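Report on the structure given below.
The values are calculated or read from the model by the stated rules, or taken from the named source; none is laboratory data. Keep in mind that this is a model prediction, so the values were computed, not measured. A quick note on method: Cβ atoms are made from the backbone with ideal geometry, for glycine too, and the neighbour counts reach across all protein chains shown. Side chains included, ligands, DNA and RNA excluded: accessible areas come from the protein's heavy atoms. Shrake-Rupley method; radii C 1.70, N 1.55, O 1.52, S 1.80 Å.
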Amino acid sequence: MAWIHEQADAWHIDTERIVGVGYSSGAHLVSLLALSDEGGLAAVLAGGLPSDLLKFDDGRLVVEFIGGTRTERPQAYRRASPIYQIDADAPPHFLFHGRWDGLVPVDHATDFHAALVAQGVESELYLQHYRGHFTSFLMRDGAIEAGIAFLDRQLLDD
């Protein structure tokens, strides 16, 4: 993001309208970026977002990602969890999530959305009926269109 901002004038990039888009681990990364001091994102469209790594059991993927279990590295889990990084300066988020998601349970989305709203941050939650983690990504059920409409309202209605 720093590089993109450095090149903005030469490439005619409007840095006030850069958005992050991702699904699952990509949603995790763009949300963390958006919530960091160096983020530089105007809004986020995130699906299947694992927002709170402390909610997962000590499975191999998360333990290897963080470098230890929740008990061994609780602060690292908190720092790597977007939900604990939210403040009133967070950019708007559009979230979509499958109600039947067994890999990243739906409470990651509902809790993250509620935390954004509690801070006064614009957020919209689009829950997909009868969809799990992979089918939410593959089928999308209008989520992308709804997300783009949300982004338009946030970034184009000036």
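Residue by residue through region 43-66, note down the ones that are open to solvent by 20 Å² or more (accessible area, probe 1.4 Å) and assigned to a loop (DSSP other than H, G, I, E, B).
Once the filter is applied, which keeps residues that are open to solvent by 20 Å² or more (accessible area, probe 1.4 Å) and assigned to a loop (DSSP other than H, G, I, E, B), region 43-66 yields Phe56, Asp57, Asp58, Gly59.
Which numbered condition trips up Glu72, out of (1) open to solvent by less than 80 Å² (accessible area, probe 1.4 Å); (2) of a type in the set (D, E, K, R); (3) over 14 Å from the mean Cα position of the chain (by Cα)?
Single failed check for Glu72: (1).
Go through region 13-41 and count every residue that is modelled with pLDDT of 95 or more and either loosely packed, with under 13 Cβ neighbours inside 10 Å or part of a helix (DSSP H, G or I) (or both).
Summing the residues that are modelled with pLDDT of 95 or more and either loosely packed, with under 13 Cβ neighbours inside 10 Å or part of a helix (DSSP H, G or I) (or both) in region 13-41 gives 11.
Among the listed residues Ala80, Ala88, Ala114, which satisfies the condition of being touching a Ser or Thr at 6+ places or on another chain (Cβ under 9 Å) and either surrounded by 15 or more Cβ atoms within 10 Å (Cβ to Cβ) or of a type in the set (Gly, Ala, Ser) (or both)?
Ala114
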